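The values are calculated or read from the model by the stated rules, or taken from the named source; none is laboratory data. Note that the coordinates shown come from a computational prediction; the quantities given were computed from them, not determined experimentally. For neighbour counting, all protein chains shown are included, and Cβ atoms are generated from backbone atoms with ideal geometry for every residue, glycine included. Quick note on the areas: whole protein, heavy atoms, side chains included, nothing else; ligands and nucleic acids left out. Shrake-Rupley method; radii C 1.70, N 1.55, O 1.52, S 1.80 Å.
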Amino acid sequence: MKKKKASALFCATVFLFCAFGFSGFFVGAARAEAATDNRLVKTYQSSSRIQNEPTVVCDVTDKATLEKLTAQDERPSNAILHFDANADIKGAKGEVLGSFSEVFASLNKTIIPVLCLADAAAADAAIKFLKEEIDILDLAVMSEDPLLVGKVKEQNGKIRGIVSYPAGRELYDIVRTTNKNYANVAVIPQSMATQENVRYIHARFKTVWVRADGSEKKDLYDCVGSGAYGIISSDFHAVYNVLNEYWKGLSRMPFNVAHRGLPNECNENSVSGIEEAAKHGATHVELDGYLTTDGEIVLMHDDSIDRTTTGSGKVESMSLAEIRRYKLSQFKPEEQIPTLDDAIRALKQTDVVLILEIKSSKKEIVDILKRKLEEYDFWRQTVVISFNPSILSKMKDSLPEVPTANLNAASAASFVSVLNWMGAYNTGIDTPSTSDISFNEATLRDRGIVGWYWTYSDFAGINGAAARGFVGVTNNDASSYENMPMYISAPEFCAAALTEEAELPVVVTEYSGRKREETGIVFSFEDKGKYYSAVAAYKNKSMTHYLYTQTFKVYKEGAVSPVKLNERIDALSSRLDKNSGGEIEELKRLFSLLTDEDQSSLGTDEKIALLEQKFTELQENEGTGCKSSLPISLSVFPALLLFRKKKRP
């Protein structure tokens, strides 16, 4: 797949940026004279032992928080500034905290400003400020309205975009909406930030920042354990305090990208390679596409079929029928040279994401790709990469829903140019492998940019990239990682007491998808009265860093979890009789040991009400000699629910 050097066209494009400026890449009114500030912010780097710790983002809600930003060396990487139609920064109560010019100057290039826009007037004011006052490079715009982000980005593409979402938003809709509006960061509430949800969004080249519910340790541990790229809190010192408590560890494991499938075991870019990679732990498969003379996308790494097939000739000078005369021949048995259709049909049966590298320079391949995605409804599992700026530009125009990444080299030294081409093509970074951790963290992470790296040859390379905290790891040995832990969680259990570093059970989810119970240790716990709020750590003999759970509850001995209690309620419901009174009382006792939140989860409170109702009916019918025919059913649920609600404070 990957070439050793950038294409000449890409180099020429970067030259045009430097020589003639950026504004010509976007349609809009001519830019008025403004001071240009292309300096990069030097963000604070904490001493946390979490290798891929989340960036810390402060939501500035009042004057006191604003003043704390730069009062000490410890500071957030980004500050969310609520920007209004007058180019002022407002507090949560609507008070003016200062003009943006004043606040920007006070940050002194030590914190990245994020302009939070509530309405179209604020968006217009941001556009005007950047055109006429200071043209700032290292800045982001954020809104709950994605169209406002898109509006500002259309006028000033080089700044970054952030879209904030409410709880319950469908995950792929978050990916699609974020990308369509030229944003790289999706903000979600803590209630949505499970490890699975965060990985889903990250897997599609978008970044997750989590808005913490509060500044309690249990909330902040939960956010860190989600694997999110950033944590938003007004109390940024509390976030750093929690981060600094972690042992040497990782907040997330990388994506295992199968380069050309499994090239050490199967034919490159083959259906067998796709199927085997998916079966043996790949989270993504990276495949290469060229266009035939009759408009079919054929999967082939080289521009000719000479190296990997029984034939010879240039892919793009042959029809599909001509190509199909030959077979892939690197491994036995020989097999058919696949089209994109074949790959999609194989991947539709899995959760594996397709990373399609468009090798062709023919821009019509993007239109054909769009038709294929529509035909197979394969949007949710597709991202695109390319070295070619014209292809990335065409993707932005014709397939704005589909995230992309630029394969050309990116580094701290070239980062001003990188931000320019990221904005021009609405694209991310998939760059040659590096050991530069500071670039991945201080440069990319703190700006909400997911770093993907290529190409690692074996298990040691993959594991080394994981230890450096990298997110996307393209490699030639994806199956070697199938038994490694992708993330860990805690099973439901009760304990008489917890102590730090005591052993406890954890559930390891492997890259293969298999789950197994292992022994972890208590990293942190707090006694919350009815339960312990805990975080567990785990590592195996192949890992140099601990991996952590999100926050979970451990009920004290004598209690049961909500799930177990519901199982017991359901079991009793199916065999309820006039002698079940004692069992109902025991269920009510166990119910009283749950937290308020867990009492209402899974409908447990309503189930107990229904159980009591049916038992009462059984007793009444026993007394009258009548046989009850009333089951626990939805026919009595509304009335009982109203009755229960009256009992609640």
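Numerical summary
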{"item": "Extreme residue, nearest to ALA79 (Cα to Cα), among residues of the stretch 230-246 that are in a helix (DSSP H, G or I) and either of a type in the set (D, E, K, R) or in contact with a strand residue (DSSP E or B) (Cβ under 7 Å, 6 or more places away or on another chain) (or both)", "result": "PHE236"}
{"item": "Output for the stretch 152-172, where each listed residue is more than 24 Å from the chain's Cα centre (by Cα) and either at positive phi or open to solvent by 30 Å² or more (accessible area, probe 1.4 Å) (or both)", "result": "GLU154, GLN155"}
{"item": "All positions within the stretch 594-617 that are open to solvent by 30 Å² or more (accessible area, probe 1.4 Å) and aliphatic (A, V, I, L, M)", "result": "LEU602"}
{"item": "Test result for GLY227, assigned to a loop (DSSP other than H, G, I, E, B), of a type in the set (Gly, Ala, Ser) and crowded, with 20+ Cβ neighbours inside 10 Å", "result": "yes"}
{"item": "Entirely in the stretch 493-547, the strands (runs of 3 or more DSSP E) that have 2 or more residues that are open to solvent by less than 60 Å² (accessible area, probe 1.4 Å) and among the hydroxyl-bearing types (Ser, Thr, Tyr)", "result": "531-538"}
{"item": "When residues of the stretch 548-568 are limited to those that are in a helix (DSSP H, G or I) and free of Cβ contacts under 8 Å to residues at least 60 places away in the same chain, the one surrounded by the fewest Cβ atoms within 10 Å (Cβ to Cβ)", "result": "GLU567"}
{"item": "Residue in the stretch 569-586 that is modelled with pLDDT under 85, out of contact with any helix residue (DSSP H, G or I) (no Cβ under 7 Å at 6 or more places or on another chain) and either among the hydrophobic types (A, V, I, L, M, F, W, C) or surrounded by fewer than 17 Cβ atoms within 10 Å (Cβ to Cβ) (or both) present", "result": "no"}
{"item": "Pairs, first on the phi > 0 side of the Ramachandran plot in the stretch 261-289, second of a type in the set (Val, Ile, Thr) and not in a helix (DSSP H, G or I), C-beta under 7 Å, six or more apart", "result": "GLY261/VAL285"}
{"item": "Count of residues meeting criterion [farther than 14 Å from VAL271 by Cα and open to solvent by less than 70 Å² (accessible area, probe 1.4 Å)] in the stretch 325-349", "result": "1"}
{"item": "Condition check for ALA409: open to solvent by 40 Å² or more (accessible area, probe 1.4 Å), over 30 Å from SER561 (Cβ atoms) and aliphatic (A, V, I, L, M)", "result": "yes"}
{"item": "Residue ID - nearest to VAL366 (Cα to Cα), chosen from residues in the stretch 296-321 that are touching an Asp or Glu at 6+ places or on another chain (Cβ under 9 Å) and assigned to a helix (DSSP H, G or I)", "result": "GLU316"}
{"item": "Condition broken by SER561, with the remaining ones in (1) farther than 22 Å from LEU504 by Cα; (2) modelled with pLDDT under 80 satisfied", "result": "(1)"}
{"item": "Residue selected from the stretch 199-220 under the condition assigned to a helix (DSSP H, G or I) and either of a type in the set (D, E, K, R) or open to solvent by 10 Å² or more (accessible area, probe 1.4 Å) (or both), by the criterion farthest from TYR487 (Cα to Cα)", "result": "LYS217"}
